[in-house]
1. Residue check, Ala143 against (1) over 12 Å from the mean Cα position of the chain (by Cα); (2) farther than 30 Å from Ala12 by Cα, all met but one. Which one?
2. Among the residues that make up segment 157-172, is at least one of them touching a helix residue (DSSP H, G or I) at 6+ places or on another chain (Cβ under 8 Å), touching a residue at least 60 places away in the same chain (Cβ under 8 Å) and within 20 Å of His45 (Cα to Cα)?
3. Six or more apart or on different chains, Cβ under 9 Å: which pairs go from a residue in segment 184-212 that's in contact (Cβ under 8 Å) with a residue 40 or more places away in the chain to one that's among the β-branched types (Val, Ile, Thr) and within 10 Å of the ligand (Cβ to nearest atom)? Could you list them?
4. Tell me, please, whether a residue that is within 14 Å of the ligand (Cβ to nearest atom), of a type in the set (A, V, I, L, M) and not in a loop (DSSP other than H, G, I, E, B) can be found in segment 59-67.
5. Within the group Ala110, Ala28, which residue is over 21 Å from Ala161 (Cβ atoms) and modelled with pLDDT of 95 or more?
6. Take the residues in segment 32-45 that are surrounded by 12 or more Cβ atoms within 10 Å (Cβ to Cβ) and of a type outside the set (A, V, I, L, M); name whichever of them is nearest to the ligand (Cβ to nearest atom).
7. Can you name the condition, by its number, that Phe92 falls short on among (1) assigned to a helix (DSSP H, G or I); (2) closer than 21 Å to Ile18 by Cβ; (3) within 13 Å of the ligand (Cβ to nearest atom)?
8. Being surrounded by 10 or more Cβ atoms within 10 Å (Cβ to Cβ) and more than 16 Å from Asp23 (Cβ to Cβ) is the requirement here; does Gly181 meet it?
Amino acid sequence: MSEHAYSDAERAAIYRVIGERRDMRHFAGGDIAPEVLGRLLAAAHQAPSVGLMQPWRFIRISQRELRGRIQALVEQERVRTAEALGERSDDFMKLKVEGISDCAEVLVAALMDNREPHIFGRRTLPEMDLASLACAIQNLWLAARAEGLGMGWVSLFEPQALADLLGMPAGAKPVAVLCLGPVTEFYPAPMLVLENWAEQRPLSEMLYENHWGER
Ligand SMILES: Cc1cc2nc3c(=O)[nH]c(=O)nc-3n(C[C@H](O)[C@H](O)[C@H](O)COP(=O)(O)O)c2cc1C
């Protein structure tokens, strides 16, 4: 064991939160105390980022009417997604894919504008800005679970329509509508597994040695 390792209890808490984080679509209303929301956003802001670019921007949606308009955009895309799914369309429409109206807080996570000058680590892989934002969202997700709050990541929307709605500058891009708040209970497994929509694959299928496909 490394001398830098955390205590047994601390390590158990880290693995526990990773294992018990769930994407939540059912919320119990209520609210999030400002200091808790502050801790969650501070956790997000400590994420790693390519070239320390910190490309994340978070917009807190406090106007109820604006929340409704975001939900309408998501609903539009949900219907289009169902159409694109063909024979799985009916099953998809039965799934709950967002909790925008019931959650305590809605945050929109976006990539900043003017990202082109940032080429450190992005010259050949420009999508590393998105990877960095995803790291921030994951920090928020894990911190929320540790605080006893659920979070759902909603990516069913037309990005330009949401960017226009929120007055984003050209080049900025919304990536996630995050629903956050108290829940009655956390799903014991991914909801898409519980609903028989998808299956989880074992780690052993994703792990190779030396060359692709070699085990
Ligand atoms: C990038 C990203 C986008 C997602 N978008 C949606 C979404 O639009 N609607 C939804 O219901 N779930 C969405 N999810 C949640 C996934 O369905 C969920 O993470 C997956 O089924 C595994 O479940 P778990 O997060 O509870 O482990 C998204 C997750 C990620 C990482």
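The values are calculated or read from the model by the stated rules, or taken from the named source; none is laboratory data. Not measured: the values here are computed from a predicted model. Using ideal geometry, Cβ is built from the backbone for each residue, glycine included, and neighbour counts are taken over all protein chains shown.
1. With (1) over 12 Å from the mean Cα position of the chain (by Cα); (2) farther than 30 Å from Ala12 by Cα applied to Ala143, the lone miss is (2).
2. yes
3. Tyr187/Val193
4. In the first step, residues of segment 59-67 are kept if they are within 14 Å of the ligand (Cβ to nearest atom); the result is none.
Checked against the condition, which is being within 14 Å of the ligand (Cβ to nearest atom), of a type in the set (A, V, I, L, M) and not in a loop (DSSP other than H, G, I, E, B), segment 59-67 yields no hits at all.
5. Details: Ala110 fails: over 21 Å from Ala161 (Cβ atoms).
It is Ala28.
6. Going residue by residue through segment 32-45, those that are surrounded by 12 or more Cβ atoms within 10 Å (Cβ to Cβ) are 32, 36-37, 39-45.
Still in the list and also of a type outside the set (A, V, I, L, M): 39, 45.
Numbers: Arg39: 21, His45: 19 Å.
The extreme case among them is His45.
7. Checking Phe92 against (1) assigned to a helix (DSSP H, G or I); (2) closer than 21 Å to Ile18 by Cβ; (3) within 13 Å of the ligand (Cβ to nearest atom), the one that fails is (2).
8. Numbers: surrounded by 10 or more Cβ atoms within 10 Å (Cβ to Cβ): yes; more than 16 Å from Asp23 (Cβ to Cβ): no.
No.
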